[in-house]
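The values are calculated or read from the model by the stated rules, or taken from the named source; none is laboratory data. For clarity, every value in this text was computed on a predicted model and none was experimentally measured. Backbone-built Cβ (ideal geometry, glycine too); neighbour counts: all protein chains shown. Surface areas here come from the heavy atoms of the whole protein model, side chains and all, with no ligands, DNA or RNA. Shrake-Rupley method; radii C 1.70, N 1.55, O 1.52, S 1.80 Å.
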Amino acid sequence: MKNTRWWLIRHAPVPNPGKVIYGRSDPAADTGDSDALAALAARLPAQAVWVTSHLRRTRQTAAALRLPGSDMALVEPALAEQDFGRWEGLSHDEVAALHPEETRRFWSDPAAEAPPEGESFAAVMERVAGAVARLTDLYAGRDIVAVIHGGSIRAALALALDLTPQAALRLAVAPLSLSRIDHYGSDEGGSWSVAALNALGTFPGRGR
């Protein structure tokens with residue numbers, strides 16, 4: 001039985017003084033915390049397959065970890081953050097003021113409802129599950145280091161835990177945190193387990 005290990009890393013923090021929504025937008029990450037990066041790098045396996053999304057904050061974080069393979073990471077757009085459509089670049093207060101009806105509808109069921117011209121979290125889960133299944137099959141028995149996003153990590157954890165979209169949104173994923181899901185292959189399609197959640201990461205306001 002092949003054991004495929006996914007090492008899920010949320011990208012480094014993004015400076016965001018205006019507290020705007022930047023899901024599919026492309027701001028830069030702050031990779032200046034060398035101690036946190038070194039601690040994270042020390043936990044990662046050698047000879048891994050590296051994957052990022054197409055957004056630069058994930059590629060910057062992978063490069064800052066400075067491990068073999070991180071500079072040649074596969075780019076997988078299906079592992080990108082949720083697309084918030086017309087709400088990208090706006091604060092939550094601005095969204096509520098400019099799109100009151102859409103805001104009320106969205107918060108009535110944030111897992112199933114999509115922002116205007118964006119996508120729902122349920123749709124994120126579907127595309128991430130497809131990418132994870134495809135890459136797990138392609139690299140069966142390997143370690144896969146995926147430097148991706150809070151939303152896509154929630155989606156991957158939901159796949160492993162068999163969570164609904166509503167339940168998956170209860171998971172908090174810290175910047176520069178490490179989570180791990182393991183797939184055990186079999187003729188019946190295999191099974192998943194969760195080996196780690198939010199290791200090393202710190203949440204805003206909690207300090208180090």
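Accessible surface calculations at 1.4 Å, restricted to protein heavy atoms, place the chain at 49 Å² per residue. What the Cβ-Cβ distance of residue 161 and residue 54 gives, at R0 = 22 Å and to the nearest 0.05, is a FRET efficiency of 0.25. Taking a spot 7 Å from the Cα of residue 39 along the direction of its beta carbon, which residues of region 5-33 have an amide N less than 19 Å from it? Within reach of a label on residue 39: 8-14, 30-33. For the chain, what is the calculated [θ] at 222 nm in deg cm²/dmol (nearest 500), taking -39500 (n - 2.57) for each run of four or more DSSP H residues and dividing by its residue count? -10000 deg cm²/dmol, from helical runs alone. Values of log10 I(q)/I(0) for the chain across q = 0.12 Å⁻¹ run -0.60, by the Debye formula with one identical scatterer at each alpha carbon and no solvent. Given their separation in residues at 0.36 nm each and the Cα-Cα distance between them, residue 94 and residue 126 gain 8.6 nm when the chain is fully extended. Taking amide hydrogens as placed 1.01 Å from N in the peptide plane, the amide H of residue 197 sits under 5 Å from those of 180, each at least 5 positions away in sequence or on another chain.
Inter-label distance, residue 111 to residue 72: 4.1 nm, where each label sits 7 Å from its Cα along the C-beta direction. Computed from the C-beta positions of residue 47 and residue 194, the FRET efficiency with R₀ = 35 Å rounds to 0.95. Its Cα gyration tensor gives region 81-192 an equivalent ellipsoid. The semi-axes, each the square root of 5 times an eigenvalue, are 31, 14, 12 Å from largest down.
So for each of 164-177, 98-111 I average, over its residues, the number of other beta carbons within 10 Å; can you give me the resulting order with the highest mean first?
Listed from highest to lowest mean packing, they are 164-177, 98-111.
Its alpha carbons give region 1-65 an Rg and a Dmax of 13.6, 49 Å.
Normalised by the number of residues in region 64-183, the average gap of Cα pairs under 8 Å and 6 or more apart makes the relative contact order 27 percent. When every Cα-Cα distance of region 30-135 is counted in 5 angstrom steps from zero, the calculated P(r) takes the values 2, 11, 16, 16, 15, 13, 12, 9, 4, 1 percent. Descending by average beta-carbon neighbour count within 10 Å, the peptides 30-36, 52-58, 144-150, 128-134 line up as 144-150, 52-58, 128-134, 30-36, the highest first. With the charge dipole of the chain set up from +1 on Lys and Arg Cβ and -1 on Asp and Glu Cβ about the Cα centre, the Cα lying farthest toward the positive end among the listed residues 47, 174, 197 is that of 47. If you plug the beta carbon distance of residue 133 and residue 16 into 1/(1 + (r/R0)^6) with R0 = 25 Å, you get a FRET efficiency near 0.20.
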